[in-house]
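The structure appears right after this line, and notes come after that.
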Amino acid sequence: MKAFFKQALATMVGIFLIAALFSVMGIVSLVSIIASGSSETPIKENSILHLNLSGTLTDRTQENPLDKIMNMGEESNAVSLEQAVTALKKATVNDNIKGVYLEAGTLSAQPATVQELRQALVDFKKSGKWIVSYADSYGKMGYYLSSVADTLLLNPEGSVDFSGLESQPMFFKEVLDKLGIEMQVFKVGTYKSAVEPFICTEMSDANREQITSYLTSVWNNVLIDVAASRNIDVDKLNKLADTQTMFAKAQSSVDNGLIDALCYIDQVKDILRSNCNLVNKDDKLSFASISDVANSAKSEEGKGEQIAVYYACGEIVQSASTGLDQEVQIVGEKVVKDLQALRTDPKVKAVVIRVNSPGGSAYASEQIWREVTLLKKEKPVIISMGDAAASGGYYISCASDRIFADPTTITGSIGIFGMVPNVSNLLTKKIGLKFDIVKTNEMADMGTMSRPFNAAERAQLQKMIEQGYDTFTKRVADGRGMSQDSVKLIAEGRVWTGEQGLKIGLVDELGNLDDAIAYAAKMIESKEYHTVSYPAEEDPFAMILNETKSDYMNNEIKELLGEWYSVYSFIRNVKSADNIQARIPYDIVIR
């Protein structure tokens, strides 16, 4: 017995020591990963910037150290436009970097973000350095980006999807009918179609008109850019799009000028070796990742005047969500505090707000608008629009000194709607619940689940929506120096592209984030300046401590649903969203 306890104790001690050892190793690994992410990265001679864009491309990402540990140090599939552009700028002037190897065949992104990165690649080529692109197969946005390359390569068994663009909203009315749920809708604006998925089974004529209009505008931009890079006539490209190129043999993409050559990955490496003047096949290629180059040769902090670049991305809400609702959002309460801090910070001389939002809460949009107007009184405020700056996203932009947008930005949608579910049929007829009530006043039970709104209540709610629309159009009129009647002619909830918005006065200039920053520098009459991004990234250790099961589940759902996650997210958030919304028709996904 004594020997048994001795052996058991030794086993327990051994397990404890092993657990302690692994814990120490984990902490050391975590600290080293965090330190490597924040330190300057040296770039080897004869290196190639590897733009691996096989995942999603968004304005900004927050790196999670746990992801690197779980992925054995490999980079995340999510790529930051901010970091990618920074890497390209540094690669342009770094003599150790000879060119760019681009892998973007399966890129997932919206046109305006792709257009900005594509322009950064065009600027990189001006340095005289080369870009080689390769993919097993090219998707639509992947090909649009990659078409800028000097050498465009495709696997001999691959394909190119150059079949035009489409946008396909989903309709839930018949599902809701079967469940006994009716959406009670109040809106202003013929084109304000956000409510259509809940009350219709197909697009209205007005919605079909606006989708056709902005989709054509975006497609024309793609055609013009690809035509210029590939030296192919626009009409020929359009005809090719009608043939569904992805089902054709790979050689036809070469014959039609979409691709330069077909080759396997080992042959791609030979081409890269040749471009780097590596004679022997044994000579190893040296690749530098996006984060490596972005973190190289850090500039001196605080040199010149400071221009703040504030990122406002996601749906606009008043308060931060919790649990499964945690995602990128523009939280009204936080944004107001952040802009107040920038307004009173003497080091900040101008503010560029990068807006990438479909809109959301009308109340939160109004609070942010107010803070933008106060900020503008103290220092220049410039707006840079990303993929979308529509409805509430335009609301928070209209008071600025100047608005920049990409040609393919989705903007406008100046309108208001309210949507309240009526679940009385579900509760009383489907489930069999019964309700009775005693009330002191006529409208004391307004909004109860036991009945729909009556005529008087509907009239009051519609009046409130109309008042909100009047306020919205006045804000735009005051900010843009237009009459309110002129704004209402181009409002009605209609969606425009940045290119169209320039023509009707909603946008001042077509340009990217760099153009907006340059204009801000001009306003403060500064030839020497530096930028600081806000809000500051979350501390890595705090992020780990804040990780919850709900975060993990939400990431798994995103991975499972892919581009349809936005539909799930919208439906899920209906229950907690403000009843009055300034939002685009639906989460626009252009494919």
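At 1.4 Å probe size, put Glu528, Glu371 in order of accessible surface, largest to smallest.
Working: Glu528 100, Glu371 10 Å².
Result of the area sort, largest leading: Glu528, Glu371.
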Given the protein chains as shown and a 1.4 Å probe, how many square angstrom of Met246 are accessible, to the nearest 10? 70 Å²
Where the convex hull is taken over the Cα atoms of the range 261-318, what is its projected area averaged over directions, in nm²? 9.3 nm²
Under a plain spin-label model, where a point goes 7 Å from the Cα along Cα-to-Cβ, how far apart in nm are Asn425 and Ser274? 6.8 nm
Rh by Kirkwood over Cα pairs, then Stokes-Einstein D for the range 434-493 at 0.692 mPa s and 37 °C, µm²/s: 230 µm²/s
In nm, to one decimal, how far is the Asp136 label point from the Tyr264 one, both placed 7 Å along Cα→Cβ? 1.5 nm
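In the range 77-211, how does Rg compare with the Kirkwood Rh, expressed as the Rg/Rh ratio over alpha carbon atoms? Write out the running numbers ahead of the final one.
Details: Rg = 21.3 Å, Rh = 18.2 Å.
Taking Rh as the inverse mean 1/r over Cα pairs, Rg/Rh reads 1.17.
Given a Förster distance of 51 Å, report the FRET efficiency between Asp233 and Asp478 from their Cβ-Cβ distance, rounded to the nearest 0.05.
Values: r = 46 Å, r/R0 = 0.89.
Result of the calculation: an efficiency of 0.65.
Over the residues of the range 300-450, compute the C-alpha Rg and express it relative to 2.2 N^0.38 Å. Each step should come with its number before you reach the end.
Working: Rg = 20.8 Å, N = 151, 2.2 N^0.38 = 14.8 Å.
Normalised by 2.2 N^0.38 Å, the Cα Rg of the range 300-450 equals 1.40.
Suppose R0 equals 30 Å. What FRET efficiency, 1/(1 + (r/R0)^6) with r the Cβ-Cβ distance, do Ser319 and Asp177 give to the nearest 0.05?
Details: r = 32 Å, r/R0 = 1.08.
So, using R0 = 30 Å, E works out to roughly 0.40.
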Determine, from the Cβ-Cβ distance of Ser167 and Asp515 and an R0 of 30 Å, the FRET efficiency 1/(1 + (r/R0)^6), rounded to the nearest 0.05. 0.65
Under the Karplus relation with 6.51, -1.76 and 1.60 and θ = phi - 60°, whole-Hz ³J(HN,Hα) for the range 491-496, x at Gly and Pro, equal 8, 6, x, 6, 8, 10
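Order of 435-443, 179-187 by packing, highest average Cβ count within 10 Å first?
Values: 435-443: 8.4, 179-187: 18.2.
Result, highest mean Cβ count within 10 Å first: 179-187, 435-443.
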Past 21 Å, Cα to Cα, is the threshold; run Lys129/Lys527; Lys379/Lys527; Lys503/Lys527 against it and keep the listed order. Lys129/Lys527; Lys503/Lys527
Computed over the range 332-445, the relative contact order (Cα-Cα under 8 Å, seq sep at least six) in percent reads 23 percent
Could you work out how much longer the chain between Lys284 and Val532 gets when fully extended? Use 0.36 nm per residue separation minus the Cα distance between them, nm to one decimal. 85.6 nm
Table column - 3J(HN,Hα) (Hz), the range 194-202, Karplus curve with 6.51, -1.76, 1.60, x for Gly and Pro: 4, 8, 4, x, 9, 10, 10, 10, 7
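The values are calculated or read from the model by the stated rules, or taken from the named source; none is laboratory data. Since the structure is predicted, the reported quantities are computational estimates derived from the model, not experimental observations. We place every Cβ from the backbone using ideal geometry, glycine too, and count neighbours over all the protein chains shown. Areas reflect the complete protein model, heavy atoms only, side chains present, ligands, DNA and RNA absent. Shrake-Rupley method; radii C 1.70, N 1.55, O 1.52, S 1.80 Å.
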